[in-house]
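Here's the structure, in structure tokens; my notes come after.
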Amino acid sequence: MKLKIVNVVGARPNFMKMAPLMMEYQRHPDKFEPKLVHTGQHYDDNMSTLFFEQLHLPKPDVYLGIGSGSHSEQTAKVMVEMEKLLSAEPPDLVVVVGDVNSTMAATIVAAKLCIPVAHVEAGLRSFDRAMPEEINRLVTDALSDYCFITSQDADVNLRREGVAPEKIFFVGNVMIDTLLQLKDVSLKSDVSKRLGLGGSYGFVTLHRPSNVDDKQVFAEILAALDTIQKDLMLVFPVHPRTVNRLKQFGFWDGLRGWKNLKLTDPLGYLDSLCLMANAKLVLTDSGGVQEETTVLGVPCLTIRNNTERPVTITEGTNTLVGTSQSKIVGEARKILAGNGKRGRAPKFWDGKAAGRIVECLLKHPPKR
Ligand code: UD1
């Protein structure tokens, strides 16, 4: 009997986490019958379709077409559609990745239908419940039967919350499986040429509501970037939420006047990886980018007051800089002076995490 597994993706950061798992199932065609469901939380070509192509993700078996909306709308729509899907043909297991609204919504539905859930990237905690992803992580982990963790701190977090130790499996980081697999291909990208980049540059990403939805906070971060771009070219692929806010707050035209700033639409996986790998420094509020820069050995300044990925600070190249202009600029200058952090890849961030997950599922098959 093959294990029927429904695998759920919804938003950009899910795609690179799911790709290696889908590949790994294919190595055991007699053991697994995987189905890929895309909720459609992200739907733009450059937030979704491009990633499917570059990551060699199979075309989704089901596309729910949820789209944008408030948190409740988005979550509720995914739940309604997932319930229809899972009730019609209940699988043996639902696999969810990361911490986006689609992750939590699919988990709640599966758990209520008594279908076992596996959460890949479980146990991360920022301890900041103002962050929508923290709520998603707490709910998803509480309801999951398999908590696949990327680092030991997640084990501590889950046990503290009463998760049974036998549900926790330290497998490593699937996103790094994708990075290691595609790094060489990405380095062949001609993105630097297309953007007209000559020498050194910094790579910037910003999209977190706490940074871009608050005009004052966003203004302060932009002031820091303005100062830095006087010394270093900055490349800034702009997330749709961030474009909306830049325009709404009247920052957009000013930004386009900066001499050393390249604004672009969101980039595909390969172009982003290439730009990150060759950057002098990375400024971000993303979760995944903190991990990717650690493995690439590129200094990363995280424009947040907390991180759910502390191992990128203790072992990697990450530094938390908050949102104050002076701190951001000060830390950037240290890196430009040659004093950036040099880290190492944490344990099991080795390209084999998806293999460990599949082995675990074969050894401890889900019971309904
Ligand atoms: C979501 C995730 C976040 C992740 C981020 C990566 C949640 C709670 N948040 O945030 O954890 O880091 O994805 O990108 O799930 N939009 C488009 N086209 C798209 C998708 C979105 O234009 O394809 C615009 C819409 O205006 C939308 C806004 O972006 O309202 C925000 O999208 P949404 O999916 O709600 O959250 P993200 O900010 O992308």
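The values are calculated or read from the model by the stated rules, or taken from the named source; none is laboratory data. It should be emphasised that the depicted structure is a prediction, and the values quoted were computed from it without experimental measurement. All Cβ positions, glycine included, derive from the backbone under ideal geometry; neighbour counts span all protein chains shown. Each accessible area value is taken on the protein alone, full model and side chains, heavy atoms only, with ligands, DNA and RNA left out. Shrake-Rupley method; radii C 1.70, N 1.55, O 1.52, S 1.80 Å.
Of everything in segment 305-329, what is assigned to a helix (DSSP H, G or I) and within 13 Å of residue 281 (Cα to Cα)? Give them in sequence order. Write out each step before concluding.
Pass one, segment 305-329, residues assigned to a helix (DSSP H, G or I): 311-314, 325-329.
Passing the criteria: 328, 329.
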Select from segment 9-31 the residues that are buried (at least 21 other Cβ atoms within 10 Å of the Cβ), in contact with a Leu (Cβ under 8 Å, 6 or more places away or on another chain) and not in a helix (DSSP H, G or I) and list them in ascending order.
9
Leading residue by the ranking (nearest to residue 106 (Cα to Cα)) among those in segment 61-78 that are more than 19 Å from the chain's Cα centre (by Cα) and not aliphatic (A, V, I, L, M):
77
What's the number of the condition residue 342 fails, among (1) within 16 Å of the ligand (Cβ to nearest atom); (2) open to solvent by 20 Å² or more (accessible area, probe 1.4 Å); (3) of a type in the set (Lys, Arg)?
(1)
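For segment 27-47, what are the residues that are among the basic types (Lys, Arg) and more than 14 Å from residue 59 (Cα to Cα)?
Quick first cut of segment 27-47, residues among the basic types (Lys, Arg) only: 27, 31, 35.
Matches in segment 27-47: 27, 31.
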Which condition breaks for residue 1 when tested against (1) out of contact with any Pro (no Cβ under 6 Å at 6 or more places or on another chain); (2) in a helix (DSSP H, G or I); (3) open to solvent by 10 Å² or more (accessible area, probe 1.4 Å)?
(2)
Which residue is farthest from residue 223 (Cα to Cα), if the candidates are limited to segment 236-272 and must be surrounded by 15 or more Cβ atoms within 10 Å (Cβ to Cβ) and among the charged types (D, E, K, R)?
271
Here is a list: 327, 247. Which entry is of a type in the set (D, E, K, R) and over 23 Å from residue 342 (Cβ atoms)?
247
